[in-house]
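Enquirer: I am attaching a structure below and will ask some questions about it afterwards.
Derivation of every value follows stated rules applied to the coordinates shown; laboratory data play no part. All of these numbers come straight from a predicted model, not from anything done at the bench. Using ideal geometry, Cβ is built from the backbone for each residue, glycine included, and neighbour counts are taken over all protein chains shown.
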Amino acid sequence: MHHAHIDKFAYQDSPAHQLDSRVKFIVVLVFTAIVISLPRTSFSILTCYAVGPFAILVLGRIPLKFALRHILLVSPFVLILALSGPLYDKTPVTVAFGPFAWQTSVGWLRCFAILGKFVVTMLALIALVSTTRFSDLLAGLQHLGLPKLLTIQLGFLYRYIFVLIDRAHHILQARAGRKLRNLGFKAELRTAAAMLGSLFVRSIDTAERTNIAMQARGFNGTWRTISKLKIRPADYIFIFAAAFFVLGLHFFVRPFLQ
Amino acid sequence: MPKAIEIENFSYRYSDGTIALSEITISIEHGQRVALIGPNGAGKSTLLLAMAGFVKGTGKVLIDGLQINRENTKKIRASLGSCLENPDDQLFMPTLFDDVAFGPLNMGLEAEQVKKCVTDALQTAGLSEMADKAPHHLSAGQKRAAAIATILSMSPKIITLDEPDGSLDPRNRSNLIKLLRGLAQTLIIATCNMNLAAALADRVILLDKGRIVADGDAKEIMSNARLMAEHGLEVPAEIHKS
């Protein structure tokens with residue numbers, strides 16, 4: 001079955017794809033921390049920060065539509081949080097943008113700040129995931145000190161989530177093929193519980209067979225991999241460019257926009 | 001020289017008491033290609049698991065002269081490679097390279113040796129270009145070949161395959177037959193597909209209800225229409241024509 005993978009473009013070849021996963025991860029982490037810590041009134045500077053991940057997306061030849069679609073997919077969770085702002089903080093405030101000025105509330109300001117920061121940080125995250133193979137990202141995280149057990153679990157999650165989605169989809173198709181009338185809430189709930197149970201049992205079966213496959217190939221509890229990560233001159237240039245971009249915005253552009 | 005597989009009076013029951021295998025006695029020489037045939041539930045997969053030491057019953061199981069026990073496990077895993085029925089169970093690493101390298105790394109080989117093993121195995125399986133792909137990006141035929149590559153990289157003397165042609169189209173099945181015919185190892189293939197068995201095996205062991213019903217020359221057994229029908233099987237098209 002074909003899946004809309006989040007790492008659909010991670011197998012392309014571009015200067016952004018060739019960068020070391022550890023470097024990209026650290027840069028995105030620092031960038032995210034800076035964007036989150038921006039004051040809630042800094043909309044102009046927030047827009048400037050969006051240029052960074054946007055440039056990586058362009059450099060990596062990732063369609064903006066793809067990035068925006070994934071932002072929209074995750075947005076409901078953040079929308080709930082953001083829209084709660086106007087409900088509990090109605091303190092009036094005047095906002096000015098060039099020659100225009102209008103009255104609003106602190107709650108709405110907070111709402112737009114959350115949404116703006118969410119979009120910019122998500123763009124950075126999508127730029128990272130779309131230009132880095134998941135296996136390289138895991139290897140990078142392991143080199144950066146993430147516990148091995150956690151990277152193994154993330155690896156299995158990434159490997160089997162698509163198998164699980166396939167199975168769930170097949171179960172839903174089997175149900176749809178035999179469901180000829182509305183069964184009522186209780187019966188639907190019972191069916192859903194049975195479907196989840198079946199999925200759970202099959203997942204356990206898969207885990208057992210995977211364990212056999214691992215043991216058959218000599219696995220004794222110690223996880224061994226070959227590292228292919230290497231820091232190249234391009235990675236140093238990227239670090240320098242990212243630092244220049246962030247520091248330039250912070251010390252030179254931000255004072256003008258406030 | 002010890003035999004590839006030697007099983008004497010092996011019996012195994014499931015936890016609910018059902019007899020899965022009963023007094024199995026088999027002797028397989030190195031270099032033989034054996035098809036384990038039989039209807040669903042005959043005990044073929046369980047017998048393969050017993051050969052790899054994953055099912056422990058009564059009786060004796062020797063792999064390349066080594067009795068299956070805790071001390072010999074590592075040596076047995078290196079000489080007998082098991083390929084499971086579903087490639088999704090076999091391919092569990094984020095990339096094909098990592099998956100094929102998993103076995104050699106566990107055997108304690110150096111990084112350079114591992115890379116060579118992986119390159120050779122992928123080349124044999126016709127997947128050299130796919131090394132950096134994630135398993136879920138492979139087609140069913142490629143997944144099957146990749147599962148075999150994960151075993152080949154460990155250079156085992158014996159390879160067991162459980163229903164290797166499951167869900168393959170005719171072209172991929174033909175590619176799989178070509179791949180398996182090109183291997184020098186002892187092959188033990190559990191299958192319900194008589195055409196696959198006829199194409200690959202020189203010896204057939206017919207199992208039903210956990211017992212060996214027939215053991216001998218592949219053509220001789222599979223051309224016996226009455227025997228095959230009695231056990232819910234069919235005469236392969238190739239033998240039927242001739």
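Enquirer: May I ask you to list the GluC sites (Glu not before Pro) in region B:156-242 that are in a DSSP loop and have at most 15 other Cβ atoms within 10 Å of their Cβ?
Expert: Answer by residue number: B:Glu234.
Enquirer: Are there trypsin sites (Lys or Arg not before Pro) in region A:202-258 that DSSP puts in a loop and that have at most 11 other Cβ atoms within 10 Å, and which ones?
Expert: Details: sites: A:Arg202, A:Arg209, A:Arg217, A:Arg224, A:Lys228, A:Lys230; in loops: A:Arg217, A:Arg224, A:Lys228, A:Lys230.
Listed in order of number, the matching sites are A:Lys230.
Enquirer: Sticking with this one: Cut-off 15 Å, label point 7 angstrom out along Cα-to-Cβ of A:Arg40: give me the residues of region A:91-115 whose amide nitrogen falls inside.
Expert: A:91-95, A:104-115
Enquirer: Ratio of region B:53-106's C-alpha Rg to 2.2 N^0.38 Å, to two decimals?
Expert: 1.34
Enquirer: Let me check against my output: what whole-number percent is the relative contact order of chain A, with C-alpha pairs under 8 Å and at least 6 apart?
Expert: Rounded, it is 31 percent for chain A.
Enquirer: In straight Cα distance, which aspartates and glutamates are under 12 Å from A:Lys179, not counting same-chain residues fewer than 8 positions off?
Expert: Hits, sequence-local ones excluded: A:Glu188.
Enquirer: Under a straight-distance cross-link criterion of Cα-Cα below 12 Å, which aspartates and glutamates are reachable from B:Lys60, leaving out those fewer than 8 residues away in the same chain?
Expert: Qualifying aspartates and glutamates at Cα under 12 Å: B:Glu6, B:Glu8, B:Glu23.
Enquirer: Also: Any idea what the relative contact order of chain B is, in percent, if you count C-alpha pairs under 8 Å spaced at least 6 apart?
Expert: Normalised by residue count, the contact order of chain B is 26 percent.
Enquirer: Shielding by partners for A:218-229, please: the mean number of other protein chain Cβ atoms within 10 Å of each residue's Cβ.
Expert: Values: counts 12, 5, 4, 0, 2, 3, 10, 8, 10, 1, 5, 0.
The shielding value for this peptide is 5.
Enquirer: Which ³J(HN,Hα) values in Hz, rounded to whole numbers, follow from the phi angles of region A:141-146 under the Karplus curve 6.51 cos²θ - 1.76 cosθ + 1.60, where θ = phi - 60° and Gly and Pro get x?
Expert: 4, 5, 5, 7, x, 5
Enquirer: Using only the Cα atoms, what convex hull volume per residue in Å³ does the protein assembly as shown have?
Expert: 205 Å³
Enquirer: Using all C-alpha to C-alpha distances in chain B, build P(r) with 10 Å bins and read off the rounded percent in each one.
Expert: 8, 32, 36, 21, 4, 0
Enquirer: Inside 10 Å of the C-beta atoms of B:85-92, what's the mean count of C-beta atoms belonging to other chains?
Expert: 6
Enquirer: Among B:Lys56/B:Lys209; A:Lys228/B:Lys133; A:Lys8/B:Lys133; A:Lys148/B:Lys75, which pairs are too far apart, with a Cα-Cα distance over 20 Å?
Expert: Those over the limit are A:Lys148/B:Lys75.
Enquirer: Ordered by residue, what ³J(HN,Hα) values in Hz, to whole numbers, does region A:162-171 give under the Karplus form 6.51 cos²θ - 1.76 cosθ + 1.60, where θ = phi - 60° and Gly and Pro are x?
Expert: 6, 5, 5, 4, 4, 4, 4, 5, 5, 5
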